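What follows is one structure encoded as structure tokens, with my remarks underneath.
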């Protein structure tokens, strides 16, 4: 069976949590918040190997000018199979009429992946963040 991509938000909170934790992302520790955030996102592309969630890409957009790719995750055992590239190309096609499609890779080593897909570094741009980690699950 091949990998199926969909924009249907049919994943459970547990499936999302398991995927995020499989790649070591702290967001997976906030099960319900994470699920709510994904369900309220503009676009979520998921990759399925039968019933198993193998990958996920999340986009936030403003409805016409800017779309921001926030997450691109693929379970370690599925990496290297072109899943992230397929999800990214799907999003590029969906947002082709937007003037700006941006991504800020959380790790600079991932920048090369995005550059292979046509993204360019934004001069002196730097990601800035305020983190409030209360440790509470809501």
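The values are calculated or read from the model by the stated rules, or taken from the named source; none is laboratory data. Predicted, not measured: the structure shown is a model, and the values here were computed from it. Counting neighbours? That spans all protein chains shown, and the Cβs are built from the backbone with ideal geometry, glycine included.
Annotations
- Within segment 94-121, if we keep just the residues that are under 12 Å from residue 69 (Cβ atoms) and assigned to a helix (DSSP H, G or I), the residue that is modelled with the lowest pLDDT turns out to be 114.
- When segment 69-82 is limited to residues that are over 15 Å from the mean Cα position of the chain (by Cα) and in a loop (DSSP other than H, G, I, E, B), the one that is surrounded by the most Cβ atoms within 10 Å (Cβ to Cβ) turns out to be 81.
- Residue that is surrounded by the fewest Cβ atoms within 10 Å (Cβ to Cβ), among those in segment 37-54 that are more than 18 Å from residue 103 (Cα to Cα) and in contact with a strand residue (DSSP E or B) (Cβ under 7 Å, 6 or more places away or on another chain): 49
- Sole residue being touching a helix residue (DSSP H, G or I) at 6+ places or on another chain (Cβ under 8 Å), surrounded by 13 or more Cβ atoms within 10 Å (Cβ to Cβ) and closer than 18 Å to residue 5 by Cα, chosen from 34, 101, 21, 57: 57
- Test: residue 11 is farther than 20 Å from residue 117 by Cβ, surrounded by 18 or more Cβ atoms within 10 Å (Cβ to Cβ), modelled with pLDDT of 95 or more and within 13 Å of the chain's Cα centre (by Cα): no
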